[in-house]
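The values are calculated or read from the model by the stated rules, or taken from the named source; none is laboratory data. On a predicted model such as this, the values are computed, not experimentally measured, just so you know. Positions of Cβ are generated from backbone atoms using ideal geometry, with glycine treated the same way; all protein chains shown enter the neighbour counts. Please note that ligands, DNA and RNA were not included when accessible areas were found on the heavy atoms of the full protein model with its side chains. Shrake-Rupley method; radii C 1.70, N 1.55, O 1.52, S 1.80 Å.
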Amino acid sequence: MIVTRSWLNEFIDLSSVCDERLYETFNAIGLEVDSMKRIEIDERVVVGEVLSVEKHPDADKLNVCQIDIGAGVRQIVCGASNVVDAKYVAVATIGAVLPENFEIKHAKLRGVESAGMVCASSELGLPDMGKGIMILDESIGELKVGEPIQSYATIADTIIELELTANRGDCLSLFGVARDLSSALNIEMNSFEPKQDDKMKLGIARIAELRSEGSMEANLCYKLATIERLSNLFLVKLRLAMVGVEFNGYLEPLLAYARHTTGVIVRAYDGGIFRNSSEKIAIEAHTCAKGLVEIRGNGTPYGMVGVHQVEVSRVSERSDMILLEASYIAPDTLVEAVSKNRMDPDPLYYQTSRGTNPNLAFGLAYMGELLRRYATFTCYEGELGLIDERKREMIVVDAQEISKIIGMEVELSKIVMILQKLGFEISRMADDNAAVSVPRFRHDICNIQDIAEEIVRIIGINNIPAKALQVDEKPRLNRVTSAYKAKRAFKHRAVGRGFYENLSYLFTDRRLLEKYHFEVVISELDLINPIAEDLNTLRTTLLINLLEAAKRNLNHTIKSIPLFEIGSIFTQNREEKEVLGVVFSGQKEEESLRNAGKPAMIDFATFIERLGGVVGSFDLVACSHQNGLIHPYQSADIVIDGRVCGFLSRLHPTAQEAFGLPVTFIAQISTDALMPTHINATAISKFQSVYKDLSIVLDREVEYREVKSALEALAHPLIQSLYPIDIYHDEALGDQHSLTIRLAIQSMEGTLEESAIESVMEKVMGQLSTKCGAVLR
Amino acid sequence: MKELEEKITQVASLEALERVRIEIFGKKGHLAAQFAKMKEIEPSERKAFAQELNRAKESLQQLFDTHYEHLKAQEIERQLQAERVDLSLYSTLANKGALHPVMETMDKIIDYFIALNFSVETGPMVEDDFHNFEALNLPKYHPARDMQDTFYFKDGGLLRTHTSPVQIRTMLETQPPIRMIAPGSVFRRDFDVTHTPMFHQVEGLVVDRKDRVSFANLKSILIDFLHYMFGEVEVRFRPSFFPFTEPSAEVDISCIFCEGEGCRICSHTGWLEVLGCGIVDPNVFKAVGYEEVSGYAFGLGVERFAMLMHQIPDLRSLFEGDIRLLEQFR
C-alpha cells in the first residue's frame, strides 16, 4: 500500500507532523514503512506556458517551441510529440540540475538554439507517467508561469510505501491509513462533505430498478450518470503513478482513484446493456452460490461481486448512460467461495479478499465529487441499494482484562478513546467495562485479544514496560532435551576428530536414489510441488547429499574431506528417522611436515578409528545392507549394544567414479543407537594380569570373527580380554595365514601360577583347533 | 691440596670429571694415598693428621659436588638446545573440524532457554493441515496462508512451514504450565538469493494460568535474550500480524554493523528485523482444548541470526557443505 503525504492531508491535517515522526508512527502502529521518498525538484524547474510550436526545419521529430517561463520567452527544442497538445509544461531552465546530476545548459539542436528542456515526469524524479512530456493542468492548483514546480505540494510530495499485514484490509485505502494515523497521533479526521450537486436530473428510481434473487451476502449500491467529457486529470494520473496503481480504459483513472482513496470497491458499467424491453435500466443481483453474487442485465452476467467484471460491460466514451456500482462482500465468505469454485478473479480481488470499506455511500459520494471536479456530467438523484444488515460484532471490553494481557495498567477511558478514533462504537459504558461494536471494515476483530492488539498498537509497544514472568518452577529436563544434549556431545566429538558438519536439504534427486538402489518414497506419498528437478523427493539416505557436498569440495581443490551430518531421512512409507551420516573422502589428513606433504589416502582402519572416536565402540559384522554405494568386500554392519544400527563401507568404485571422487569411505548410523546407555561397573581384580601371545596358523577363509566367537564361547573365567595383534602371510603358508592373538589372563582370587596360565592356553588352543581348524605356529 | 682443587675446577666435561674423581677419591687415588701415610705417622700426631685429612677430603668433596652440579646443568642445557624445534612449523597441524555455524548458533539459542528452564521439544517434519495451519488459527482460504508457500504431498500431507506445529503437539500431549522451545528445520517453496527451501527456526511457547502471562513478560524475556545473543543492542517492537498470536509484534535490534547509522545490511533503516512474537491467540488455545490460560509465543530464523552474528554474506552457501566456509569456525 502506497500513500502520499498531500493525499493523506485530504483526511487528516499532517502539517504539524514531520516526515520523521510520520515514519516512526507508522512503524509503531504496525504499518511498517518499506520506503519513504521525498520528491525534490530543482527550483529552476518552473511552470512554462507554450506559446507556439513549429516543426524543426532539419529534424522531423523535433519541435521548436516558444515558451514563457515567467522571466521571459525562451526558445526550446522539444523531442516529444505530445508538446503540440500542451499549454502548461514543466521547463528545466538553464542551470537546473535534474536527477543523476544532469545539468541543463545552452544547447544547439541540429542548428537551432535551445534554452532549456521541457520535462517528462521521470526526468524530474517523479514516477513514469507514460510517453512524452508532462502536461500540467489546474488540478494541482493555480498555474502561475515561472512558478517553481517544487512549490506545488501535490508534486513535491512524500511517497510512503507501507507493508501491510494480511489482516489489515482496512488500510488498503488513504482513508483507512488516515484513520489509523488519527488515533495514533490524536488528530481529528477532516469530515468529508461532498459539494451539493446542482446537476441533478430526475430521480434514479424513475428509470432504473434493482432486483435480487437468493439470500444476499453482499452489499450493493448504484448511481446513474451521463458523462460528456473528462478533463484536467493530471493530478489523478500523477498520484496513481506515485502509488503504483495502473488503470486501463475510460473513466478508469477516476474509479481507481476513488477506490484507492476510500477503500470502497467502485466499478462502472455501461448502463445501456441493462436496458430492458420496457426501457428501464434493470439490474439483477443473483446469488449463484454461497458468497458468489452475480450482476446480470437481461439475464446476461456482467460481473461477480468482489471477483471480476465482464469486459463488454465496461464504459467507454460512447456510453450514453453510466451505472456506478459500489459493493462490499465479507472477505471470509468470498475467499472460501472463490477457492471452492475455482474462480479466476481480477486484480481488485487483492482488496476484496482482505476486506474493503463497507461504507458504500462514502465511496459513491467520493466518486461523485471526483466527477464534479474532473468531468462534465449529469447525475440522477438518489441511489439504488441492497444492504445486508448483518449484526455487528459486539465485544465487552474489560479494562482489567486488557491490562492483564498487556501487563500494564490501561484505563477504560483511554481504551474507549482509542477505539472510538478507530471507528468502533461504544454502546454501553460501565465502571470498568464497555460494550463496543466492531466496525464492519475491521472483520479481523472478533475477541478481547484483538481489542488488546489495537490498544497495544496505538499506545506503542515500546511504551510497555518489560516485566519478568513469575513462574512456579518445575524441572523440564525431558527425553527430547536429554537426547539433544547427547547429540550435541557426539557432534563435538566428531569435530574433535576433524569432521566438518554438513547441512543439506531434506530433498534429493529421485533418479540418484534409484540409480544407487536406495528405497524411494512411494509415488502416492511423494511431493506434489518440488522446488527443483534435482530436489524432487524426500531423501531416504544422507549419503547422496554428503557425497555431493564432497564433490563440491573436491572441485574447490580440497584434498581431505571429512564430513558428517545429522538429519532426518525417510522410509518408502515416509516414516521419518534420524541418522548420522559420515563421508570421508581423499587424504586422511591435511598435508603437513608430518607426512612430507603427501598424506596417505583414507583407509579402512583409519576410518574406523575416526568413526569410533565419534560414536564410541562398536562391533562390525558382515554387511546386510545393500545399495549401490557399498563396496561388497570392504563393508560391514555396525553393531552397538547387540543391535545392528547402521553400516559403513568403502565407496563402491563405480559410485566413486560417478561422483568423480578419490578413495572415499561412508557410514550411516541411526542416532537412537548413539544415545548414552546405563552402565554398571564390574569388579576389578587386585591381582596382576598376564599377557600371553598365541600365534596360530589357519585357513585364510576363516574370518577373525569366527576365531573370536569360538573363544568367547569358552567363557573362560580367567580370560579378561583378547584381541588380534598381527596377521602374516607368505608363500610357504599357501592358503593359510598366521594370526597372533593377545590374551589378558587374570584371576579375581590370587596371583596366577604358571601351570594355571598354561592350562588356559591349552584350552584356548584346543578350542581353536576344533572350531577353526587352527594349529599352533 | 691447592693442586687437587684446581684439578677439579678446571675440568670442563662430566667424563673428564669422572676421571678426576677416580684420580682423587678412588681406591688408588690421592686421598687414599694420603690416608695410607697414616700408619707412618707418630701415634701422637695421628689424630690431628686424620682430622686435617678428613677436613681436606670434605672440602674437596664439596667442591667436586658443586662442580658436578654445574657441569650437569650445562650438559642438560646443551641437550635441551640440541632438541630445539621450530614451533612455528607446527602451528597448522591442529586436526579439528567445525560445527556448522547455523547449528552452532542454534545451540547458543537453545542454551539460553535451557538455562531458563524451558524444555526442548520436537515434532515430525511431515505434518498435516491441522497441526500446521488449522489449529494455529489459519483456516483454509485464509489470506495469511499466502505468506507461506507450502510443499504438499500427494496424500494431503505437507512439510511443516514453521516449527509452530510442535507447539500444538506439545499442548495436546501435556498440560499447562508449559515452557518450551521447538528448534528444527522448516520448509517453504522459495529459492533465491534470500530464500532456501529449507531453513531453521526456534520457536518458544509459555502457557500458564489465565491473567498470568502478559505482553510485558514477553518483552522482558526477548530483550534479555537479544542482549545475550547480540550484546548491548537497542531493541524495538513493532505491532504486526500473525494468525496465531494477538497482539503480535515484530522485533528489531539496532543494526550491529552500523550501530544504527544506516547501512546496506539494514537497508539504511538502522534496524534489523530478528523476531516475531505475540500473545497466543485464544483460537489456538481453543483448538487444543485449553481453557482459562494465557501465554506468549515467539519464533526466529536461525540462519538469519547466524548470518548476522558471523557476517556470512550468502545464505545459500550455508547449504553447500563448503569446507572453505566451515573451517573458519574451527
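Karplus-derived 3J(HN,Hα) values for the range A:85-99, using 6.51 cos²θ - 1.76 cosθ + 1.60 with θ = phi - 60°, are 8, 8, 10, 9, 9, 8, 10, 8, 8, 4, x, 5, 10, 9, x Hz; glycine and proline are entered as x. Pairs from the table (A:Lys290/B:Lys140; A:Lys551/B:Lys108; A:Lys559/A:Lys598; A:Lys108/A:Lys131) lying more than 21 angstrom apart at Cα are A:Lys551/B:Lys108; A:Lys108/A:Lys131. Peptides A:605-618, A:530-543 ordered by packing proxy, namely the average of other Cβ atoms within 10 Å per residue, highest first: A:530-543, A:605-618. Taking amide H as placed 1.01 Å from N in the peptide plane, A:Asp13 has its amide H under 5 Å from the amide H of A:Asn190, each at least 5 places away in sequence or on another chain. Averaged over peptide B:218-225, the number of partner chain Cβ atoms lying within 10 Å of each residue's Cβ comes to 3. With a 10 Å cut-off around each Cβ of A:486-499, the average count of Cβ atoms from other chains is 3. Here each label is just a point 7 Å from Cα along the line to Cβ, and for A:Lys61 and A:Glu24 those points are 5.1 nm apart. Evaluating 6.51 cos²θ - 1.76 cosθ + 1.60 at θ = phi - 60° for every residue in the range A:231-236, the Karplus couplings come out as 8, 6, 8, 3, 4, 4 Hz, glycine and proline recorded as x.
Computed from the alpha carbon atoms alone, the convex hull of the protein assembly as shown holds 346 Å³ per residue.
Taken across both chains, chains A and B shield about 7900 Å² of accessible surface from a 1.4 Å probe. Paramagnetic label reach from A:Ser685 (point 7 Å along Cα→Cβ; backbone nitrogen cut-off under 15 Å): within the range A:708-724, residues A:715-723.
Over the residues of the protein assembly as shown, the helix contribution to mean residue ellipticity at 222 nm works out to -9000 deg cm²/dmol, using -39500 (n - 2.57) for each DSSP H run of at least 4. Against chain A, whose longest principal axis comes from its Cα atoms, helix A:604-615 is set at around 60 degrees. Amide H contacts for B:Thr161 (H built 1.01 Å from N in the peptide plane; partners 5 or more residues away or on another chain; cut-off under 5 Å): B:Phe187. The mean of 1/r over all distinct Cα pairs in chain B, once inverted, gives the Kirkwood hydrodynamic radius of 26.3 Å. The accessible surface of the range A:676-777, taken with every protein chain in place and a 1.4 Å probe, is 50 percent carbon and sulfur.
Computed about the Cα centre, the dipole magnitude for chain A is approximately 320 debye when only Lys and Arg (+1) and Asp and Glu (-1) carry charge, each at its Cβ.
Averaged per residue, the protein assembly as shown has 46 square angstrom of accessible surface, using a 1.4 angstrom probe with ligands and nucleic acids left out.
The mean count of C-beta atoms from other chains within 10 Å of the C-beta of residues in B:111-123, rounded to a whole number, is 4. Once you sort the root eigenvalues of the Cα gyration tensor of the range A:79-120 as a ≥ b ≥ c, which label holds: rounded (a/c under 1.5), prolate (a/b larger than b/c) or oblate (the other case)? Cα axes put the range A:79-120 in the oblate bin.
Can you classify the range A:206-333 as rounded, prolate or oblate using the Cα gyration tensor, where a ≥ b ≥ c are the square roots of its eigenvalues, rounded means a/c under 1.5, and otherwise it's prolate if a/b beats b/c and oblate if not? Oblate, since a/c reaches 1.5 and b/c is not below a/b.
Between A:Asn478 and B:Glu232, the FRET efficiency estimated from the beta carbon spacing at R0 = 35 angstrom works out to 0.55.
Mean sequence separation of contacting Cα pairs (under 8 Å, at least six apart), scaled by the length of chain A, corresponds to a relative contact order of 8 percent. How would the range B:233-330 be classified by its alpha-carbon gyration tensor: rounded, prolate or oblate, with rounded meaning a/c under 1.5 and the a/b versus b/c comparison settling the rest? Oblate, since a/c reaches 1.5 and b/c is not below a/b.
Of the whole protein surface, A:Lys414 contributes about 100 Å² of accessible area at a 1.4 Å probe radius.
For the range A:321-431, relative contact order (Cα pairs under 8 Å, six or more residues apart, normalised by length) works out to 19 percent. Taking 0.36 nm per residue of separation and subtracting the current Cα-Cα distance, fully stretching the chain between A:Ser212 and A:Glu40 would add 56.7 nm.
What is the helix-to-structure angle for A:252-262, meaning the angle in degrees between its Cα long axis and the longest Cα principal axis of chain A, kept from 0 to 90 and rounded to the nearest 10? Here the helix axis deviates by roughly 70 degrees. The simple spin-label model puts a point 7 Å past each Cα toward its Cβ; for B:Asp190 and B:His70 those points are separated by 8.2 nm. The modelled label-to-label distance between A:Ala489 and A:Glu411, using points 7 Å beyond Cα along the C-beta direction, is 6.0 nm. Full extension of the chain segment joining A:Asp13 with A:Thr654 gains 223.1 nm, where the gain is 0.36 nm per residue of separation less the Cα-Cα distance. Taking each of A:Lys487/A:Lys577; B:Lys28/B:Lys57; A:Lys491/A:Lys708; A:Lys37/A:Lys144 in turn, the alpha-carbon distance tops 20 angstrom for A:Lys491/A:Lys708; A:Lys37/A:Lys144. Please list, in chain and number order, the residues 5+ apart from A:Ile630 or on another chain whose amide H is under 5 Å from its amide H, with Hs placed from the backbone. Result for A:Ile630 returns A:His652. Cα centroids of the range A:101-137 and the range A:389-453: 55 Å apart.
For the pair A:Arg342 and A:Glu113, a Förster radius of 56 Å applied to the C-beta separation gives a FRET efficiency near 0.30, rounded to the nearest 0.05. Express the C-alpha Rg of the range A:75-174 as a ratio against the empirical globular expectation 2.2 N^0.38 Å, rounded to two decimals. Against the compact-globule rule of thumb, the ratio is 1.35. Computed over the range A:651-777, the alpha-carbon pair-distance distribution with 10 angstrom bins reads 10, 29, 24, 23, 10, 3, 0, each value a whole percent. Only alpha carbons enter this Debye calculation for the range B:87-183, each as an equal point scatterer, and the log10 of I(q)/I(0) it gives at q = 0.19, 0.20 Å⁻¹ is -1.02, -1.07.
Each residue of the range A:756-761 was assigned a 3J(HN,Hα) from its phi angle through the Karplus expression (A = 6.51, B = -1.76, C = 1.60, θ = phi - 60°), giving 5, 5, 4, 5, 4, 4 Hz with x at Gly and Pro. The order of the peptides A:31-37, B:238-244, A:365-371 by mean Cβ neighbours within 10 Å, most packed first, is B:238-244, A:365-371, A:31-37.
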